[in-house]
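Novice: Sending over a structure as structure tokens; questions will come in a sec.
The values are calculated or read from the model by the stated rules, or taken from the named source; none is laboratory data. Computed from a predicted structure; not experimentally measured. Because the Cβ atoms are built from the backbone with ideal geometry, glycine has one as well, and the counts that use them run over all protein chains shown.
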Amino acid sequence: MRTVTIPAVGSSEPAIVHQAADRTMRVVINNIGGTLVFLAHNTSDFNEDNVAPSETFQLRVDQMVVIVLAPTQTIVAMARGAGGEISIAVSEALSKEWLSS
Amino acid sequence: MSFQNNPAFSIAEARKRGHDIYEILYTSWGVVGNPATYGDVSFPNASTANNGPVVSIPTSIAGLMIGPRSTVDRAWVTYSLQLEPGRPVPAPTVTDRVRRLSVDSPLLYTIAAAKGKIASSQANPPDAFLSQYQNGLFYVMAALNPQEADAGFKYSYDMTTSQASRAAQQETTVLPTLIKKSSGAGNQTFGFDANVGGTIFMPPTLHLIAFLKAPQVVPPSKRFPLITSGNYTLSGAVVAEQCVAQIPIFGRKRVVVSSYAAVSGGDATSTLRCAVVRAINQSDNFVYEDSSQTVTTSNGSCQISLDNPCADYLMVYANGVSGAAINGRWSVSAYD
């Protein structure tokens with residue numbers, strides 16, 4: 001579990017929220033900042049200027065979402081203004097013990 | 001619910017601690033002095049004589065309202081347009097994008113911030129209109145443009161209309177240095193009066209509540225009741241009318257002034273007069289007092305009620321009596 005500061009669109013590269021390793025991971029994302037947060041799987045989903053991210057998932061202030069990542073899949077984020085912040089909790093989505101039973 | 005009213009924290013620090021709101025209190029909001037220093041015309045202070053430009057509010061917030069401790073009822077808010085300065089190119093028609101914040105109209109949506117500061121100075125004081133257009137940074141200001149404008153009112157929605165035909169809103173709460181009195185000749189200044197023992201000048205207070213998280217309910221729009229009182233003395237050498245109290249009543253709906261004057265020397269009478277200042281702007285020649293009510297008292301008490309005066313400042317005057325000392329006291333109650 002951790003809290004991540006999210007840079008504003010147009011200011012710098014997106015923040016990496018989480019990258020799954022070799023297994024499926026569940027990520028709970030809560031927008032605790034004061035501004036809209038854009039989520040995407042690839043940095044390239046933000047356009048060249050990082051200004052008009054149309055290929056993204058938008059998470060409003062005080063909203064929470066659960067996203068399941070396939071192995072090696074990544075979540076990156078940018079905020080609409082300065083001072084964006086999210087809090088995340090990560091856990092394994094499907095345990096190997098459960099799959100093998 | 002945790003809340004924040006310790007100015008030692010920055011907004012970012014308050015957010016890291018999970019606070020719901022961040023409170024800002026200015027006790028001399030819009031008082032620039034003469035010569036002007038412009039220290040109290042913006043949050044964060046964008047320009048003062050001593051510490052120079054300060055960076056804008058660095059954190060986006062979920063909402064902004066004028067808090068109950070405020071005595072002013074309006075402010076001007078600039079925010080990030082999320083475009084780089086100077087973009088797009090070519091520049092579009094100049095449009096007034098400054099948000100107006102009033103007691104009755106909290107900004108209940110995200111106000112985006114950007115990193116940066118406006119490079120203003122005493123000679124070039126912070127300007128909400130130009131700052132928004134050129135920089136798009138997050139500031140709260142006491143005026144659209146706090147600089148004194150001798151020729152009239154700067155910046156309206158129509159930038160091309162000539163000054164003479166413009167009917168612009170007077171978008172400021174910065175106190176002027178002079179007010180033309182409504183009674184008799186002369187001017188009145190804001191501040192303490194050497195002729196009066198115990199003059200009260202209550203400067204405007206700005207109390208802002210910044211929502212770090214989305215507010216759960218629509219906040220009430222009423223301010224805390226303004227209750228104040230004071231004493232004054234006039235010596236027998238002071239004959240003319242003197243200002244004994246200057247109270248910020250920005251937009252208060254009901255105002256009651258009570259006074260008691262003890263005049264030494266028998267039958268002499270003293271007059272209590274209330275006047276209000278409306279339409280504050282930076283140009284001294286345009287600010288007038290409007291006389292409200294006058295009552296005459298002799299060793300007694302009196303009361304003046306102002307029903308929805310629609311004014312920014314209440315001025316209370318008392319007349320001196322030749323050869324007779326006056327000991328007076330007054331109280332003001334004002335409610336939204």
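Novice: For B:Val238, only one of the following conditions fails: (1) β-branched (Val, Ile, Thr); (2) surrounded by fewer than 16 Cβ atoms within 10 Å (Cβ to Cβ); (3) assigned to a loop (DSSP other than H, G, I, E, B). What is its number?
Specialist: Exception for B:Val238: condition (2).
Novice: Being within 14 Å of another protein chain (Cβ to nearest Cβ) and either touching a strand residue (DSSP E or B) at 6+ places or on another chain (Cβ under 9 Å) or modelled with pLDDT of 85 or more (or both) narrows it down to one residue among B:Val72, B:Val77, B:Val89; which is it? Can you show your working first?
Specialist: Values: B:Val72 fails: within 14 Å of another protein chain (Cβ to nearest Cβ); B:Val89 fails: either touching a strand residue (DSSP E or B) at 6+ places or on another chain (Cβ under 9 Å) or modelled with pLDDT of 85 or more (or both).
So the residue among B:Val72, B:Val77, B:Val89 that is within 14 Å of another protein chain (Cβ to nearest Cβ) and either touching a strand residue (DSSP E or B) at 6+ places or on another chain (Cβ under 9 Å) or modelled with pLDDT of 85 or more (or both) is B:Val77.
Novice: Across region A:40-59, which residue is modelled with the lowest pLDDT among those that are under 13 Å from the mean Cα position of the chain (by Cα) and more than 13 Å from A:Glu13 (Cα to Cα)?
Specialist: If we take residues in region A:40-59 being under 13 Å from the mean Cα position of the chain (by Cα) and more than 13 Å from A:Glu13 (Cα to Cα), then A:Thr56 is modelled with the lowest pLDDT.
Novice: State which residue is farthest from the other protein chains (Cβ to nearest Cβ) when the search covers only region B:99-126 and only residues that are closer than 26 Å to B:Leu212 by Cα and modelled with pLDDT under 90.
Specialist: If we take residues in region B:99-126 being closer than 26 Å to B:Leu212 by Cα and modelled with pLDDT under 90, then B:Pro126 is farthest from the other protein chains (Cβ to nearest Cβ).
Novice: With the structure loaded, tell me whether A:Arg2 is within 13 Å of chain B (Cβ to nearest Cβ) and under 13 Å from the mean Cα position of the chain (by Cα) or whether it fails that test.
Specialist: When the stated conditions are applied, A:Arg2 passes them.
Novice: Just checking, how many residues over region A:16-38 are in a strand (DSSP E or B), away from chain B (no Cβ under 14 Å) and crowded, with 18+ Cβ neighbours inside 10 Å? Please lay out each step first, then the result.
Specialist: So the first thing to find is which residues in region A:16-38 are in a strand (DSSP E or B), and the list is A:16-19, A:25-31, A:37-38.
Keeping just the survivors that are away from chain B (no Cβ under 14 Å) gives A:16-19, A:25-29.
Still in the list and also crowded, with 18+ Cβ neighbours inside 10 Å: A:17-18, A:25, A:27, A:29.
Here the count works out to 5.
Novice: A further question on this structure: Looking at this structure, is B:Cys274 crowded, with 21+ Cβ neighbours inside 10 Å, touching an Asp or Glu at 6+ places or on another chain (Cβ under 7 Å) and assigned to a strand (DSSP E or B)? Outline the logic, then answer.
Specialist: Working: crowded, with 21+ Cβ neighbours inside 10 Å: yes; touching an Asp or Glu at 6+ places or on another chain (Cβ under 7 Å): no; assigned to a strand (DSSP E or B): yes.
The answer is no for B:Cys274.
Novice: Just to verify a result, which residue in region B:198-231, among those that are within 14 Å of another protein chain (Cβ to nearest Cβ), part of a loop (DSSP other than H, G, I, E, B) and among the aliphatic types (A, V, I, L, M), is farthest from B:Arg69 (Cα to Cα)?
Specialist: Only one residue fits best here, namely B:Ala214.
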